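Written out below as structure tokens is the structure these notes cover.
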2 protein chains.
Amino acid sequence: MSNAKVLPLLEPAGQAVVPCCPPLTERPMTADEAETAARMFKALGDPVRLRLFSAVASHEGGEACVCDISDVGVSQPTVSHHLKKLREAGLLTSERRGTWVYYRVEPSVLAAMGKLLTTATS
Amino acid sequence: MSNAKVLPLLEPAGQAVVPCCPPLTERPMTADEAETAARMFKALGDPVRLRLFSAVASHEGGEACVCDISDVGVSQPTVSHHLKKLREAGLLTSERRGTWVYYRVEPSVLAAMGKLLTTATS
């Protein structure tokens, strides 16, 4: 079962992303925008979680299960815990297939976060 | 006094950024890379801090003092505390001029973070 519906940033169509917020350099964020964006940044603000996110993002086919990414020096339950946090923040989607849950990076969310960090040229 | 020297990501020249890490989608991050990058993401992982960062980043001339950005609903000491955290994470530089400390976003660090979040097309 896909949990794509929990992602707040997505248009149904793949490319037509409506990011939560303008570039940070464009104008001061509103409180609501900051809440949404801070949740995503916070999810990446832990070294183990960031390594796991990178492991999923760079894995063959753009997806990975816990069984694929157990080499970051923490236990499998800890890996699962961090992946759940990333999913809750909207950075990963998950899908159960047989025994394993497969995680996939949501490219449009990544792009929206990247856009936040672009320097305005206006 | 500038504290630009504490920034770990900068080449002396403005444009020649050596970002800490490759795009997250390129390969799994090493533990050291994840430590560095997670520190920056964590600094942006708080809504108030993110609003302040955005307020500085979007302020006229690309810099602001505490006196300029007191409208996020927290006390001035709290603002100062958060700005210090952002400075310690290498996201802002500061310079005292007279009574006030002025904060400025480090564009190359912002660019390096943005690059982390780009989706690899290789």
Sole residue being over 29 Å from B:Val105 (Cα atoms) and touching a helix residue (DSSP H, G or I) at 6+ places or on another chain (Cβ under 7 Å), chosen from A:Ser80, A:Ser75: A:Ser80
Top-ranked residue in the stretch B:44-61 [being more than 7 Å from chain A (Cβ to nearest Cβ) and out of contact with any strand residue (DSSP E or B) (no Cβ under 6 Å at 6 or more places or on another chain); ranked as modelled with the lowest pLDDT]: B:Gly61
Criterion (at the interface with another protein chain (Cβ under 8 Å from one of its Cβ atoms) and either at pLDDT 90 or above or farther than 17 Å from B:Ala37 by Cβ (or both)) met by exactly one of A:Arg96, A:Arg27: A:Arg27
Test: residue in the stretch B:103-120 that is of a type in the set (Lys, Arg) and at pLDDT 90 or above: yes
Residue list for the stretch B:99-122, filter: more than 10 Å from every other protein chain (Cβ to nearest Cβ) and not polar (S, T, N, Q): B:Trp100, B:Val101, B:Tyr102, B:Tyr103, B:Arg104, B:Glu106
Scope the stretch A:32-42; condition more than 7 Å from chain B (Cβ to nearest Cβ) and either surrounded by 24 or more Cβ atoms within 10 Å (Cβ to Cβ) or more than 16 Å from the chain's Cα centre (by Cα) (or both); matching residues: A:Asp32, A:Glu33, A:Met40
Checklist (1) more than 7 Å from chain A (Cβ to nearest Cβ); (2) at pLDDT 90 or above; (3) within 30 Å of B:Arg97 (Cβ to Cβ) applied to B:Cys65, failing item: (2)
Of all residues in the stretch B:85-122 being in contact (Cβ under 8 Å) with a residue 40 or more places away in the chain, of a type in the set (D, E, K, R) and in a strand (DSSP E or B), the one that is surrounded by the most Cβ atoms within 10 Å (Cβ to Cβ): B:Arg104
Count - residues of the stretch B:48-84 that are in contact (Cβ under 8 Å) with a residue 40 or more places away in the chain, in a helix (DSSP H, G or I) and buried (at least 17 other Cβ atoms within 10 Å of the Cβ): 3
A:Cys20 buried (at least 21 other Cβ atoms within 10 Å of the Cβ) and at pLDDT below 90: yes
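The values are calculated or read from the model by the stated rules, or taken from the named source; none is laboratory data. Everything numeric in this text was worked out from a predicted model, so none of it was measured. Counting neighbours? That spans all protein chains shown, and the Cβs are built from the backbone with ideal geometry, glycine included.
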